[in-house]
Amino acid sequence: MLRSAAVAQADSTFKEGAPELRGRDDLDVLERKISDLQLRIEGTRLGELVDQLHRELDAKGLPFKPRCYLSDEWGCPDGVPVIGIPFYLANPMLAKIEEEQTGDLEGEKQILMFLRHEAGHAYNYAYRLHETEEWHALFGPYTRPYVEDYKPSPFSKKFVKHIPGWYAQKHPDEDFAETFAVWLTPGSSWETAYKDWPALEKLRYVDRVTRALPPMRVADAVPPAVLLPVEEMSYTVREHYAQQEPEQVAEHVGAWLDGDLRDLFGGPEAGGEPAQKFIHRRRRDLARDVAYWTGARPRVIGALLDHLGARTGVLGLVVPTGREDAVGVRLAIMLTTLVVNHLYREKFVEV
């Protein structure tokens with residue numbers, strides 16, 4: 001069920017980016033069609049971040065500025081050198097609703113990281129770098145099947161570190177995009193940071209090849225249509241979140257972890273903060289940190305946390321007063337173990 005909060009923002013924060021939102025509250029916005037919200041990149045803080053990306057490309061002497069457009073998620077359509085940006089980043093109220101529904105909020109640092117990453121995809125597609133033998137030898141086969149729940153090798157020095165979760169290990173195309181992003185990031189000092197790493201050869205490849213690219217106009221690289229632009233999202237904000245298939249954690253885990261939760265938390269007689277509230281309060285940080293170190297999808301982790309919280313509520317468990325930090329550490333360890341089980345065995349528990 002969609003939750004709501006009083007998240008009305010001052011009109012000045014919208015910077016004229018979405019006139020259909022000014023003066024509305026989040027309950028009203030949930031019932032609006034996304035295509036009717038007049039969202040745009042230009043004239044918003046998001047537009048300023050896109051401009052920053054372009055300045056970074058200019059600083060590297062790169063001739064092509066990928067077109068950016070608003071869509072339902074981050075990404076470049078396969079083989080198409082354009083950058084799709086989630087629509088909710090064009091407006092603070094929509095960004096707040098996204099945080100409420102998913103437990104995640106992308107700050108400016110993270111947005112720039114994704115912009116640089118997607119720019120790597122755009123350059124790869126625009127100049128068809130992945131069709132060359134050298135690209136194939138360094139990054140692997142571009143045609144390798146794309147697996148959503150990939151199994152990374154943490155701390156491998158064959159890959160750069162950029163987007164959390166060892167994302168460069170997901171696919172050769174992601175490996176190139178991550179390498180490009182590290183190379184593009186101002187002040188990354190990549191030659192020093194990756195000294196003696198096998199990944200350094202990939203960075204040097206990007207440095208050498210991109211500097212030799214010929215000029216290209218946006219019109220030459222972009223087809224007339226892109227994948228699901230915001231103008232074609234003719235469903236409401238509420239429907240956008242409702243159509244996201246939930247992770248089926250409850251039916252897979254059920255009450256199998258109740259004994260472990262009793263060991264971790266205290267019974268109601270112990271006195272203290274309800275465990276469900278404790279988990280909810282730490283949900284975002286736990287999901288982010290476990291995703292960073294394991295490579296698992298934040299949605300999966302968040303769904304597991306929601307289930308664990310619900311079970312503690314049913315059991316009436318609490319965090320004993322004065323034991324908050326110790327319980328937090330043990331919860332993080334338990335959560336990480338369950339997520340690694342899911343990642344490598346495709347199940348949280350052996351039922």
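Every number here is computed from the coordinates shown, using simple stated rules; none is lab data. Since the model is a prediction, treat every value here as computed from it, not as a measurement. Every residue, glycine as well, gets a Cβ built from its backbone with ideal geometry; the counts of neighbours run over all protein chains shown.
With the charge dipole of the stretch 247-345 set up from +1 on Lys and Arg Cβ and -1 on Asp and Glu Cβ about the Cα centre, the Cα lying farthest toward the positive end among the listed residues A326, G295, N341 is that of G295. Angle of helix 324-345 to the longest C-alpha principal axis of the chain, folded into 0 to 90 degrees and rounded to 10: 60°.
Using a ≥ b ≥ c from the Cα gyration tensor of the chain (square roots of the eigenvalues), is it rounded, prolate or oblate, where a/c under 1.5 gives rounded and otherwise the larger of a/b and b/c decides, a/b for prolate?
Working: a/c = 2.18, a/b = 1.36, b/c = 1.61.
Note, shape of the chain comes out oblate.
Under a model in which nothing but the beta-carbon of Lys, Arg (+1) and Asp, Glu (-1) is charged, the chain shows a dipole of about 800 debye around its Cα centre. Could you state the angle between the C-alpha long axis of helix 108-126 and the longest principal axis of the C-alpha atoms of the chain, as a value from 0 to 90 degrees rounded to the nearest 10? The angle comes out at about 40 degrees.
Highest mean packing first, where packing is the average number of other Cβ atoms within 10 Å per residue, the peptides 302-311, 175-184, 324-333 line up as 175-184, 302-311, 324-333. Projecting the Cα atoms of S188, P154, P198 onto the charge dipole of the stretch 88-208, computed from C-beta unit charges around the Cα centre, puts P198 farthest toward the positive end.
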